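**Q** Let me begin by handing over the structure; questions about it come next.
None of the figures in this text is laboratory data; all of them are computed from the coordinates on show. The model shown is predicted, which means the values in this text are computed figures rather than measured ones. Counting neighbours? That spans all protein chains shown, and the Cβs are built from the backbone with ideal geometry, glycine included.
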Amino acid sequence: MEIERIKSNDNEVAQLILKELDRQRNTIELIASENFTSLAVMATCGTVATNKYAEGKPGKRFYNGCEIIDEIETLAQERIKKLFGVEHANVQPHSGAQANMAVFLYALKPGDKILGMDLSNGGHLTHGSSANFSGMYFDVASYGVDDQGYIDYENVEKIALEHKSKLIICGASAYARTIDFKKFREIADKVGACVMADIAHIAGLVATGHHPSPVGYADFITTTTHKTLRGPRGGVIMCSQEHAAGIDKAVFPGIQGGPLEHIIAAKAVAFKEALEPEFKKYSENIVKNAKALAGTLVENGIDLVSGGTDNHLMIIDLRKFDKTGKDISNMLEKVNITANKNTVPNDPRSPFVTSGVRLGTPAVTTRGFREEDMKIVGEIIAEAIKNSENEQKLRELREKSLQLCGKYPLYPDIA
């Protein structure tokens, strides 16, 4: 990060960036959808690739001078194809939401029937929420979780058959358990539907074998690159050669103009990192850390949706404390822990208030936290929830958080 160069040009922005760096360094980051990129990925985002317009795809651009850009984008494609074992990958989507939009544009017509996980049960806005394009332009049915917090596959099948869904979406933004992609394929085959697996949250775990893969079961696989994959902010669509041309056309000119080639270059760097043996160990530690955090919370009397986790995240259920996710997530900032409010299944409160808090371990694992550290984090969170109005106690807990942050310096090479 060339902060001195930024300072010389715009000190006001430079100082704000340094403040953000300080915030990240002194915060235990538990937002499940956030991570810390390597310095190499971060540096690649700020290269001359940002100067190039490259509408189209490698070898078929609408602008001249794309020969080197073609090599960069092709390299990113080949690396992620190898990482997941797929036939085709489009690395141009600016985000996971736009990756999903492109699949919808290719596979559906307005008014077609889709089946996705309900937002309040752990799904994503783009899986059929009425506030999103997916809910505005398609006939949506939704499935959720049972009383234990697990996906009820029998109910999914029942809804799919009654609804006659054309596209079934699996994957989630707040589901702590293993997703059975094979079962979704079987359900889709019974109703003649396609399957889209949105693995934005679990992509890094899938790539390293720490979560089952949707490859071979899903017609379309979408993901972000900035969560468990630890890359720059962006999206990807993967599919078989059968759908390749249609998906590429849906991305451009369907929903986007020029791709962000500096971000695509950074994606290529991140995919190379994810192919290294060290990344597999990193993914293993994400899961170990999540289990250690979840176990500690439960031991300290904190309820979790489904009682624990199989992956990188968990949802605290605050209903027995009669406290809101909004209040507790704000309170956790006082003890230098960042998380986000989240609905729980059958939440009596609105999505703007919620009865839950979502926690995740990708970022702290990148930083170096281990299981013994996560137990301390769990104790801090439990004590903070129980003493949320005790300012003296919160100050004591904040000091514990700062001690952990000091144990694992973030980006020490940046001044």
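**Q** Return the single residue from A290, A174, A250 with maximal mean-square fluctuation; model: Gaussian network over the chain, springs between Cα atoms under 10 Å.
**A** A250
**Q** Now for a separate question. Once you list every other residue whose beta carbon is under 12 Å from the beta carbon of V305, what net charge do they have if Lys and Arg are +1 and Asp and Glu are -1? Show your work: numbers first, answer last.
**A** Details: positive: R177, R319, R358; negative: D146, D147, D303, D317, D347.
Every neighbour counted, the sum reads -2.
**Q** Under a Cβ-Cβ cut-off of 14 Å, what is the net charge of the residues other than Y106 that fall near it, where Lys and Arg count +1 and Asp and Glu count -1?
**A** Net of charged neighbours comes to -1.
**Q** Which whole-number value in Å³ per residue fits the convex hull of the alpha carbons of the range 325-385? Working shown, then result.
**A** Numbers: hull volume 5.3 nm³, N = 61.
In the range 325-385, the Cα hull volume divided by residue count equals 87 Å³.
**Q** Mind checking which helices in the chain clear 18 Å along their axis (Cα) and have mean Kyte-Doolittle hydropathy of -0.5 or more, DSSP H runs only? If you can, show how the numbers build up before the last one.
**A** Working: long enough: 11-25 (21 Å, -0.80); 67-84 (26 Å, -0.21); 261-274 (19 Å, 0.50); 277-299 (34 Å, -0.40); 371-386 (23 Å, 0.12); 391-407 (24 Å, -1.28).
Passing helices, by number: 67-84, 261-274, 277-299, 371-386.
**Q** Considering only T361, T225, T27, give the residue with the highest GNM mean-square fluctuation for the chain, with springs between Cα atoms whenever their separation is below 10 Å.
**A** Between T361, T225, T27, it is T27 that shows the largest mean-square fluctuation.
**Q** Compute, for the range 237-374, the length of the dipole vector about the Cα centre, with Cβ point charges of +1 (Lys, Arg) and -1 (Asp, Glu) only. Units Debye, rounded to 20.
**A** Here the range 237-374 has a charge dipole of around 280 debye.
**Q** I would also like to ask the following. Let me know the Kirkwood hydrodynamic radius for the chain, please, with Cα pairs as the basis and the value in Å to one decimal. Mind showing how you got there, number by number?
**A** Numbers: mean 1/r = 0.0452 Å⁻¹.
Evaluated on the chain, it is 22.1 Å.
**Q** If I build a Gaussian network model for the chain, linking alpha-carbon pairs within less than 10 angstrom, which residue out of N155, N90, N35 has the largest mean-square fluctuation?
**A** Maximum fluctuation in the GNM of the chain, among the listed residues, is at N155.
**Q** Suppose a student asked you for the relative contact order of the chain, using Cα pairs under 8 Å spaced at least 6 residues apart; what percent would you report?
**A** 22 percent
**Q** Taking the Cα centre of the range 348-390 as origin, work out the dipole magnitude from +1 charges on Lys and Arg Cβ and -1 charges on Asp and Glu Cβ, in debye rounded to 20.
**A** 220 debye
**Q** Among A363, L297, F352, whose Cα lies farthest out toward the positive end of the dipole of the range 288-407, if unit charges sit on the beta carbon of Lys, Arg (+1) and Asp, Glu (-1)?
**A** A363
**Q** Also, I was wondering about something else. So which of K227/K267; K320/K341; K288/K393; K182/K341 end up more than 21 Å apart by C-alpha?
**A** K288/K393; K182/K341
**Q** About the Cα centre, and with charges only on the beta carbon of Lys, Arg (+1) and Asp, Glu (-1), how big is the dipole of the chain? Nearest 20 debye, please.
**A** 160 debye
**Q** Collect residues whose amide H, placed 1.01 Å from N in the peptide plane, falls under 5 Å from the amide H of I28; neighbours closer than 5 in sequence don't count.
**A** When sequence neighbours closer than 5 places are left aside, the close amide H contacts are I337, T338.
**Q** Which peptide among 208-217, 11-20 comes first, and what is the full order, when sorted by highest mean count of other Cβ atoms within 10 Å?
**A** Highest-to-lowest ranking by the protection proxy: 208-217, 11-20.
**Q** Still on this structure, please answer the following. Sorted by mean Cβ packing within 10 Å, highest first, what order do the peptides 227-233, 240-246 take?
**A** Result, highest mean first: 227-233, 240-246.
**Q** Amide H neighbours of D303 under 5 Å, counting only residues 5+ apart in sequence or on other chains, H built in-plane at 1.01 Å?
**A** Amide H neighbours of D303: D317.
**Q** Putting +1 on Lys and Arg Cβ atoms and -1 on Asp and Glu Cβ atoms, find which of L260, T222, I80 reaches farthest to the positive end of the dipole of the range 43-274.
**A** The residue sitting most towards the positive pole is L260.
**Q** Along the positive direction of the dipole of the chain (beta-carbon charges: Lys, Arg +1; Asp, Glu -1; about the Cα centre), which of G65, T178, A141 reaches farthest?
**A** Farthest along the dipole direction, towards plus: G65.
**Q** Also: How high is the FRET efficiency between K320 and Q148 when r is their beta carbon distance and R₀ equals 22 Å, given to the nearest 0.05?
**A** 0.85
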